[in-house]
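The values are calculated or read from the model by the stated rules, or taken from the named source; none is laboratory data. Please read all numbers here as calculations on a predicted model, not as lab measurements. Note that each Cβ is placed from the backbone with ideal geometry, even for glycine, and that neighbours are counted across all protein chains shown. Please note that ligands, DNA and RNA were not included when accessible areas were found on the heavy atoms of the full protein model with its side chains. Shrake-Rupley method; radii C 1.70, N 1.55, O 1.52, S 1.80 Å.
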Amino acid sequence: MIKIDQNKLPRHIAIIMDGNGRWAKQHTMGRIRGHKKGAQAVRTTVTACREIGIQVLTLFAFSSENWGRPDEEVNALMSLLEDYLDKETPTLQKQQIRLNSIGDIDRLYPLVKKKLLDVVKLTEQNDKMVLNLALSYGSRDEIVLAIRKMISDSQKGKLDIEDINQDLVGHYLYTDGMPDPDLLIRTSGEYRISNFMLWQLAYTELYFTDVLWPDFKKDDLLNAIAEYQLRERRFGLTSDQISGK
Ligand code: IPE
Ligand code: IPE
Ligand code: MG
């Protein structure tokens, strides 16, 4: 049994769910089977985070760059998302989880986008956890969009350049209103950020594991949280300052 301290939980966990393709290869299956198995790991992780008491869980499910994958794989990922929304909505309701999405959802297939927005609306009063799905998400695109909106607001006289500061930039991002991730987990042994939450990860604790996403279990999550709890977050200060000595 992996022990974690309930008083030092990360408020926001973000996960780059990577390794579905390699999992499938290991099991001599096609990549799509790997994504299906990955969807199972999503279900387990969402429930585990809810049980542990995490406030926000962000899952990187589909990047803006992933649109460049073969059509067959993109189609399969879109229908898996649709399937997930169909099947998981009762669980989200039962567990009082609010669904939110970040990313350019206008690029999603129209039916998938509609289902997504329906579930977002349906769950909007749920207050036990936010499940934040990053779909068609790219951090640089998000920042470009924010800059465009700021310039447009400034031209309309709604924004004074003098008022632009870190907080204000945060309001122009998809994650407006959410705390920055405290812990980022990336599976599959890749040590990169892949255009994910570049602004929001400024002081996030990073955790990398070799486990492939379809194999990721509650214990892997607990291990990541336990490791996070051993870290000293200094935010640029000295250790003595942080411990109050
Ligand atoms: C992550 O697994 C899922 C998505 C990016 C949609 P991958 O499909 O990237 O798996 P690998 O990296 O090829 O193993
Ligand atoms: C990042 O994984 C995107 C998601 C997990 C959705 P990728 O597999 O697309 O990232 P790279 O290409 O290895 O950097
Ligand atoms: Mg990958």
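How large, in percent, is the carbon and sulfur part of the accessible surface of the stretch 10-63 at a probe radius of 1.4 Å? On the stretch 10-63, the fraction of accessible area on carbon and sulfur atoms equals 48 percent. For residue 3, the lysines whose Cα falls under 24 Å of its own Cα, not counting residues fewer than eight places away in the same chain, are 128, 217, 218. Residues in the stretch 117-127 carry Karplus couplings, in order, of 5, 4, 5, 4, 5, 4, 9, 5, 8, 5, 10 Hz; the curve used is 6.51 cos²θ - 1.76 cosθ + 1.60 with θ = phi - 60°, and Gly or Pro positions show x.
Taking every protein chain into account, the accessible area of the chain amounts to 54 square angstrom per residue (probe 1.4 Å). Judged by the mean number of other Cβ atoms found within 10 Å, the most tightly packed of the peptides 139-148, 3-12 leads the ranking 139-148, 3-12.
Summarising the label geometry, the points placed 7 Å from Cα in the beta-carbon direction at residue 218 and residue 91 lie 1.3 nm from one another. Principal axis extents of the C-alpha atoms in the stretch 6-231 (largest first, rounded to whole Å): 58, 43, 36. Projecting the Cα atoms of 110, 7, 39 onto the charge dipole of the stretch 1-160 (Cβ charges, centred on the Cα centre) puts 7 farthest toward the positive pole. Note on residue 114: lysines with a C-alpha under 20 Å away, same-chain residues under 8 apart excluded, are 87. Computed from backbone phi, the HN-Hα couplings of the stretch 193-200 come to 9, 6, 6, 10, 6, 4, 6, 6 Hz, rounded to whole numbers (Karplus: 6.51 cos²θ - 1.76 cosθ + 1.60, θ = phi - 60°; Gly and Pro given as x). Here the stretch 43-76 is scanned for amide nitrogen atoms under 11 Å from the site 7 Å beyond the Cα of residue 140 along Cα-to-Cβ, giving 65. Post the alpha-carbon centroid distance, the stretch 153-194 to the stretch 41-97, in whole angstrom. About 22 Å separates the Cα centre of the stretch 153-194 from the one of the stretch 41-97. For the residue pairs 113/149; 36/94; 8/158, the C-alpha atoms sit more than 32 angstrom apart in 8/158.
Length available on full extension from residue 176 to residue 106: 0.36 nm per residue minus the Cα-Cα distance, which gives 23.3 nm.
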